[in-house]
Each structure stands twice: as C-alpha cells, then as structure tokens.
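Below is one structure; the comments refer to it alone.
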Amino acid sequence: MAYKYFPDYDKALKEKTLSLLTERGVSIEDIAELVLFLQKKYHPDLTLDECVYNVNRVLDKREIQNAILTGIQLDLLAEQGKLLSPLQEMIACDEGLYGIDEVLALAIVNVYGSIGFTNYGYVDKMKPGILQKLNDHSQGDVHTFLDDIVGAIAAAAASRLAHTRAHKGAQDAEDTKDAEDTPPSSDASPSLTGPKPSIAEIGKERR
Ligand code: MG
C-alpha cells in the first residue's frame, strides 16, 4: 500500500515518541548534552540550544521514531515479564551477547552517514551523562534498547550538526570569494533602481 501523508498522524507520532522518551526518563536536553560532549571539541562556539535544535530535527524523522517506539516497547514488555523465554531473560538482563539492541540503534545512525557511525561507537564506549544513568541496572528498570537508542540519536544529531556546519562554512567561503570578485561600483552599469546588490548580499538574504 502506498504511503499517504497525514499531517495530524505524523504530528501525533512525534508527540507519542517524545512522551515515551520522557516517561522513560530521557529529555531532549539530556540527548543534546551528549551531542555537546561529542562535538564541542570540533566547534568551540557550540551551544546547547544548537544541539537541542539538531536533536529535534533527527526526532522529526519517521524511521527514527519507529526505531524508538519499537525499542522502548520491547524494554517495557521485558520490564513487565511479558516476553517469551529466552528472549525475556536476555533483554531483562541486558545480556552481552544479545546485540539486537545495537542493531536497532544502527537504523537511527545510518540515516546520517559515517560521522554518525563513529560518534555512536565513541559515545557507546564512554557512556557519558544520561547513558551512565540508563546503564545503571540497580533500580530494576530495563533500558536494554533505550541506552543504545539515546546514544544513536545523539550520534545522528552530531552528524547532522557537523554536516550543516561544514555546508555553512563552504557557503560563507563562497560568498567571500564572490564579494572579492565583484567589480568596484564605478565599473558597474548605471541603474534606475539604485546600486545592484552583490551576490554575497543576495546569498545572505536567502540564508
Ligand atoms: Mg543496550
């Protein structure tokens, strides 16, 4: 069946995804902190707000919402003891050889290419911030899927941010070059509507 776009349904899906993350103890700011951890070294002027913005854009994507909904559902069912054995025990105990939690997280990471992939590996190893909390099994909560999902969202947002900034840097360099190449105003043709804006100025207006 062909996919149909229903704005209300898509909005509801994102809201449900966000509310599930909140219910499981993860805020957008928590994920943004991970993005800051991953990217601050490369962008010293990076702010938490810019990280929040990129996390939100990642969470807008349907396939990422689907991965979050699926992973959290499995965590919840394991917490309630409702899965079939031996899957129940494997997920409830976060068994090291299970590995499907990492595979599901790759569905998120893969959307944003190789930078996302390397950032995911790094954040998974270091387990900063919220990831450390999610990996604490002392309270009986099951976050077998959620810890990988959160790391993957952060890695995807870090990749998005890196690509956006690289694109903006290239655009700025292009604008500077255009401005330098623009002939002095005395060489320009007279105009009835005043001086022509430079290509650089037009570029700025478009951004
Ligand atoms: Mg896990």
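What are the residues in the range 133-156 that are more than 13 Å from the ligand (Cβ to nearest atom), part of a helix (DSSP H, G or I) and of a type outside the set (D, E, K, R), if any?
Ser138, Gln139, Ile153, Ala154, Ala155, Ala156
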Considering the range 32-74, residues that are of a type in the set (Phe, Trp, Tyr) and either touching an Asp or Glu at 6+ places or on another chain (Cβ under 9 Å) or surrounded by 15 or more Cβ atoms within 10 Å (Cβ to Cβ) (or both), and then whichever is farthest from Met90 (Cα to Cα), we arrive at Tyr53
Per-region count, the range 49-68, residues in contact with a helix residue (DSSP H, G or I) (Cβ under 6 Å, 6 or more places away or on another chain) and either over 21 Å from Ala32 (Cβ atoms) or of a type in the set (Val, Ile, Thr) (or both) = 5
Here are some conditions: (1) more than 15 Å from the ligand (Cβ to nearest atom); (2) in a helix (DSSP H, G or I); (3) over 27 Å from Glu15 (Cα atoms); (4) free of Cβ contacts under 8 Å to residues at least 40 places away in the same chain. Leu84 meets all but one. Which one does it not meet?
-> (2)
The residue that is nearest to the ligand (Cβ to nearest atom), considering only those in the range 99-121 that are more than 26 Å from Ala166 (Cα to Cα) and surrounded by 15 or more Cβ atoms within 10 Å (Cβ to Cβ), is Asp101
Asp75: more than 16 Å from the ligand (Cβ to nearest atom), acidic (Asp, Glu) and either touching a residue at least 12 places away in the same chain (Cβ under 8 Å) or within 21 Å of Glu29 (Cβ to Cβ) (or both), yes or no?
-> no
Asp124 touching a Ser or Thr at 6+ places or on another chain (Cβ under 7 Å), within 15 Å of the ligand (Cβ to nearest atom) and among the acidic types (Asp, Glu) | no
Only one residue in Leu20, Leu34, Leu48 is under 12 Å from the mean Cα position of the chain (by Cα), at pLDDT 95 or above and closer than 19 Å to Lys133 by Cβ. Which one?
-> Leu34
Is one or more of the residues making up the range 194-201 within 25 Å of Gln39 (Cβ to Cβ) and either in a loop (DSSP other than H, G, I, E, B) or at pLDDT 95 or above (or both)?
-> no
Of all residues in the range 162-174, which are among the hydrophobic types (A, V, I, L, M, F, W, C) and either within 16 Å of the ligand (Cβ to nearest atom) or farther than 21 Å from Lys125 by Cα (or both)?
-> Ala166, Ala170, Ala173
Starting from the range 90-117, take each residue that is free of Cβ contacts under 8 Å to residues at least 60 places away in the same chain and list its partners that are of a type in the set (Phe, Trp, Tyr) and surrounded by fewer than 19 Cβ atoms within 10 Å (Cβ to Cβ), counting only C-beta distances under 9 angstrom and pairs at least six apart or across chains.
-> Met90/Tyr98; Ile91/Tyr98; Leu106/Phe117; Val109/Phe117; Asn110/Phe117
Contact list, first residue from the range 143-163 and β-branched (Val, Ile, Thr), second anywhere and within 14 Å of the ligand (Cβ to nearest atom) and not in a helix (DSSP H, G or I), beta-carbon distance below 8 Å, six or more apart or interchain, is Thr144/Asp94; Thr144/Tyr98; Val150/Val26
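The values are calculated or read from the model by the stated rules, or taken from the named source; none is laboratory data. This one's a predicted model, so the numbers in the text were calculated from it and none came from an experiment. Counting neighbours? That spans all protein chains shown, and the Cβs are built from the backbone with ideal geometry, glycine included.
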